[in-house]
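The values are calculated or read from the model by the stated rules, or taken from the named source; none is laboratory data. It should be emphasised that the depicted structure is a prediction, and the values quoted were computed from it without experimental measurement. Counting neighbours? That spans all protein chains shown, and the Cβs are built from the backbone with ideal geometry, glycine included. Please note that ligands, DNA and RNA were not included when accessible areas were found on the heavy atoms of the full protein model with its side chains. Shrake-Rupley method; radii C 1.70, N 1.55, O 1.52, S 1.80 Å.
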2 protein chains.
Amino acid sequence: MNLNTDKKILIVGLGLIGGSYAQALSSKGYTVCAIDISQDSLDYALQKNWITQGSTQPEQGFISQFDIVIFGLYPHDLIDWVESYSKYLKRGALLTDVTGVKGSVVYRVQEILGDDVEFIGAHPMAGSEFSGVKNSRMEIFQNANYIVTPTEKNTQYAIDICKELGQILGFKTITVLSPEQHDEMIAFLSQLTHCIAITLMTCRDTECMTDYSGDSFRDLTRIAKINDEMWSELFLLNKDDLLKQMKLFEQAFSKLYSYIENDNREEIRKIMRYSTSQRELFDKTREK
Amino acid sequence: MNLNTDKKILIVGLGLIGGSYAQALSSKGYTVCAIDISQDSLDYALQKNWITQGSTQPEQGFISQFDIVIFGLYPHDLIDWVESYSKYLKRGALLTDVTGVKGSVVYRVQEILGDDVEFIGAHPMAGSEFSGVKNSRMEIFQNANYIVTPTEKNTQYAIDICKELGQILGFKTITVLSPEQHDEMIAFLSQLTHCIAITLMTCRDTECMTDYSGDSFRDLTRIAKINDEMWSELFLLNKDDLLKQMKLFEQAFSKLYSYIENDNREEIRKIMRYSTSQRELFDKTREK
């Protein structure tokens, strides 16, 4: 156990995820402080006792006291912050993040930082269709996956601390992937699914249909309620991987289209049987 | 109230939906009997007291006693059954069904039948990824939609009885649509969503990803576990409508692809904002 409760933790960016981190970590006895541009968000977390101190200003006197710094910022804000303020960080501090894309963030941040502090990427695969600290709930980490994405620059110490952080936060599964493996996987499992949901929700007039929708349509469009600022940034930062996965989907969809067009019932049934057996693997994983 | 408990009800085809109908109707005091090719299914329903009598044979002496006949069969089996056995039906009997496509079934059945009996189409929009009478549960009708699809041949009496049946079964919303309106709507809300789910589940190797999937992927692929016999038939019977909706989806998906390819963040955000506002309409309907 390296991440003992002596370590002082700073959360930079107190949104849905940052707030949920603050709640989980403070409930486990850690001293958690936060920086956010909104005094309102800080006040909310202070009042909930999720943080002991908050600041809207990234001042050296404040920042330099923390052993662990967790960035709950959008990718470009994270890079900007590190460029401007990393000089204020405590020597030996460990930095990590919650960003949903890795390749375009992790290497850049590590490049900016000197040898005094270490940054290791992590992706808590949890969220909500509602944003902001007032929707934070540490329960979103239960049954969720936490992925640590080290590069060759990272120490084993940092990897261990980061995995431990995932455990303390309450994640069910903690794994390690390279930034590249992470980005390909996330392009398929998460970004492509959001592309599909928003396309389904917008490809035709549906207002006349609200009375008729069943669980299928509701399930497929739940994530069509989307934070456009965050997700458009994530899509474009992972553009090559996402386009590749979109293309795979599009080709398979066109094939199914042509089977239906040609009344090729045997091929349609073959896809459906394969789909059924593949989906069962995911049910089994959940039961584990 | 026309559909009083004096009416004797026959269910032909005791699968998931037929069984759930039997359970719901018997619990409301109706005399329910069933025909099914499987003695096992009949025995299950008899033992549960969902039916008072079951037969594997469509014999005249048995069939001729029922006022209401509900077909829980696949479309082509329904048409075959009506062609072979409708001559045994009681004069004045009212027939209805549970089929997921209407245009290709309703007109054909009405054409086969003489003036002695009346058929009116209905679609209970409820289901489960599990099939068969042993998975029947009348609770699947709660919060679900029931759509009556009359043609010009139907009487107001039949429409009223059929709507009443939906109420007795426990459906939340009962509406009336033409077979054509129904089929267009179902092509989009249900068939297209199943096409998307099975494509997503089969377009690439995913076995390496089972540990990383979040709620998004699970939600979008829940219906990828699919009864290939039934759904391939439903797809092909509603081919023109389905292909039209698939094309709409495909075009919108390609447009999103090109916005991402060209880093057109403003257009991506515009789609996301529209998607968010459209999805909220469906949340509102649920709350009603």
For B:Glu180, the net charge from surrounding residues (Cβ-Cβ under 13 Å; K, R +1; D, E -1) works out to -3
With chain A treated as a Gaussian network of Cα nodes joined by springs under 10 Å, which of A:Leu165, A:Leu42, A:Leu248 yields the largest mean-square fluctuation?
-> A:Leu248
Taking every pair of alpha-carbon atoms in chain A, give the share separated by more than 35 Å as a whole percent.
-> 25 percent
List the chymotrypsin sites (Phe, Trp or Tyr not before Pro) within region B:48-150 that fall in a DSSP loop (any state other than H, G, I, E or B) and whose Cβ has at most 16 other Cβ atoms within 10 Å.
-> B:Phe130
Region A:117-240: antiparallel bridges as % of DSSP beta bridges, rounded to 5, reads 55 percent
Taking each pair of different alpha-carbon atoms in the protein assembly as shown once, compute 1/r for the pair, average those values, and report the inverse of that mean as the Kirkwood hydrodynamic radius in Å to one decimal.
-> 26.3 Å
So who's got an amide H within less than 5 Å of the one on B:Ile35, skipping anything under 5 residues away but keeping other chains? H placed 1.01 Å off N, in plane.
-> B:Ile11, B:Val12, B:Gly13, B:Ser55
Taking a label point 7 Å out from Cα toward Cβ, give me the nm distances from A:Asp116 to the same spot in the other copies, shortest first, one decimal.
-> 9.6
Hey, which aspartates and glutamates would be in cross-link range of A:Lys270, C-alpha to C-alpha under 15 Å, not counting anything within fewer than 8 residues on its own chain?
-> B:Asp228, B:Glu229, B:Glu233
Do you know the relative contact order of region A:31-129, to the nearest whole percent, from alpha carbon pairs under 8 angstrom that are 6+ apart?
-> 22 percent
Kindly report, to the nearest 10 Å², the accessible surface of A:Thr99 as traced by a 1.4 Å probe over protein heavy atoms only.
-> 10 Å²
Taking every DSSP bridge whose two residues both lie in the protein assembly as shown, the antiparallel percent to the nearest 5 is 20 percent
Using only alpha carbon pairs under 8 Å that are at least six residues apart, calculate the relative contact order of region B:9-62 and give it in whole percent.
-> 35 percent
Pop a pseudo-label 7 angstrom from the Cα along the beta-carbon direction at both A:Asp283 and B:Ser27 and give the gap in nm to one decimal.
-> 2.3 nm
Looking at this model, which pairs from A:Lys244/B:Lys244; B:Lys90/B:Lys163; B:Lys48/B:Lys90; B:Lys28/B:Lys134; B:Lys8/B:Lys48 are more than 23 angstrom apart at the alpha-carbon?
-> A:Lys244/B:Lys244; B:Lys48/B:Lys90
Using alpha-carbon positions, the gyration tensor of region A:58-110 gives root eigenvalues a ≥ b ≥ c; with a/c under 1.5 called rounded, otherwise prolate if a/b exceeds b/c, else oblate, the class is prolate
Per residue, how much accessible area does region A:171-224 have with a 1.4 Å probe, in Å²?
-> 26 Å²
Shape of region A:140-288, Cα gyration tensor, a/c cut at 1.5 = prolate
Quick note, region B:1-136: a/c under 1.5 would make it rounded; otherwise a/b > b/c is prolate and the rest oblate (a ≥ b ≥ c, C-alpha gyration tensor); here it is rounded
Relative contact order of chain B, pairs being alpha-carbon contacts under 8 Å that are 6 or more residues apart, as % = 15 percent
From the phi of every residue in region A:224-232, what ³J(HN,Hα) in whole Hz does the Karplus formula 6.51 cos²θ - 1.76 cosθ + 1.60 yield, where θ is phi - 60° and glycine or proline is x?
-> 6, 7, 9, 6, 5, 5, 5, 5, 5
Enter the buried accessible area of the A/B pair, total of both sides, probe 1.4 Å, in Å² rounded to the nearest 100.
-> 9200 Å²
Distance-filtered residues of region A:214-246 - backbone nitrogen under 17 Å, label point 7 angstrom along A:Phe130 Cα→Cβ | A:222-227
Using r as the Cβ-Cβ distance of B:Asn143 and A:Ile159, and R0 as 41 Å, what FRET efficiency do you calculate, to the nearest 0.05?
-> 0.30
Between B:Tyr259, B:Tyr157, B:Tyr74, which gets the highest mean-square fluctuation from a Gaussian network model of chain B, Cα cutoff 10 Å?
-> B:Tyr259
